[in-house]
Amino acid sequence: VQLQASGGGLVQAGGSLRLTCAASGSISSIYVMGWYRQAPGKQRDLVASIRTSGSTNYADSVKGRFTISRVNTWSTLYLQMNALEPEDTAVYYCNARLSPYGRHYWGKGTLVTVSS
């Protein structure tokens, strides 16, 4: 599975961005896709994920502000980010797994910078 994230940029606090992840390869076998982020000096953390069933999971810090969605074929994953805060500044990574405990596939990150 190959993943390519895009859509990052510089935005003022309170603004919005939409991240896009284009997936290719064995996408019909994907079980779950998600967005992770890593701020400078911090570990990479899960932001949001979506399963084949359509169920979603969000980090507490983004609930009510971010929405994850996908094209049914798994070819494209989105992350709509509203009411952005400076604390959301990080490199955002697209992620996929083919099974609940399978290996992680990562794309190159896209930088989101939120100014106060």
The range 12-31 versus the range 81-114: alpha-carbon centroid distance in Å
8 Å
Multiply the residue gap between Asn72 and Trp106 by 0.36 nm, knock off their C-alpha separation, and tell me the result in nm, one decimal place.
10.3 nm
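Quantify, in whole percent, the carbon and sulfur part of the accessible surface of the range 5-116 (1.4 Å probe; protein heavy atoms only).
Values: 2820 of 5740 Å².
Taking all protein chains in place, the range 5-116 shows 49 percent carbon and sulfur surface.
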Kindly provide the pair-distance distribution of the range 40-82 built from C-alpha pairs, with 5 Å bins from 0 and whole-percent values in order of increasing distance.
5, 20, 29, 21, 16, 6, 2, 0
Run the simple label-point estimate for Ser61 and Ser6 please: 7 Å along Cα→C-beta, distance reported in nm.
2.8 nm
When a/c reaches 1.5 or more, the comparison of a/b and b/c decides; with that in mind, is the range 48-116 rounded, prolate or oblate per its Cα gyration tensor?
prolate
Quote the charge dipole size of the chain about the Cα centre in Debye, to the nearest 20; the model charges only the Cβ of Lys and Arg (+1) and of Asp and Glu (-1).
300 debye
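Loop-only trypsin sites (Lys or Arg not before Pro) in the range 1-87, please: DSSP not H, G, I, E or B, and at most 12 other Cβ atoms within 10 Å. Provide the component values of the computation, followed by the final result.
Working: sites: Arg18, Arg37, Lys42, Arg44, Arg51, Lys63, Arg65, Arg70; in loops: Lys42, Arg44, Lys63, Arg65.
In loop regions of the range 1-87 (DSSP not H, G, I, E or B), the sparsely surrounded trypsin sites (Lys or Arg not before Pro) are Lys42, Lys63.
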Projected onto the charge dipole of the chain (+1 at Lys/Arg Cβ, -1 at Asp/Glu Cβ, origin at the Cα centre), which of Leu84, Val47, Val11 gives the Cα projection farthest towards the positive end?
Val47
Relative contact order computed over the range 30-72 (Cα-Cα under 8 Å; 6+ residues apart), in percent
31 percent
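With every protein chain present, what is the per residue accessible area of the chain (1.4 Å probe, Å²)? Let's see the in-between values first.
Working: 6000 Å² over 116 residues.
Accessible surface, normalised per residue, equals 52 Å².
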Other residues with Cβ under 10 Å from the Cβ of Val112 give, with Lys and Arg +1 and Asp and Glu -1, a net charge of 0
Full extension between Thr113 and Ala22 adds, at 0.36 nm per residue less the Cα distance, a length in nm of 30.6 nm
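Tell me whether the chain comes out rounded, prolate or oblate; compute the Cα gyration tensor, take square roots of the eigenvalues as a ≥ b ≥ c, and use a/c under 1.5 as the rounded threshold. Walk me through the numbers before you get to the answer.
Numbers: a/c = 1.82, a/b = 1.72, b/c = 1.06.
Cα axes put the chain in the prolate bin.
The values are calculated or read from the model by the stated rules, or taken from the named source; none is laboratory data. Just so it is clear, the model here is predicted, and its values are computed rather than measured. In this analysis, Cβ positions are derived from the backbone assuming ideal geometry, glycine residues included, and neighbour counts consider all displayed protein chains. We work out accessible area using only protein heavy atoms, side chains counted, and drop any ligands, DNA or RNA first. Shrake-Rupley method; radii C 1.70, N 1.55, O 1.52, S 1.80 Å.
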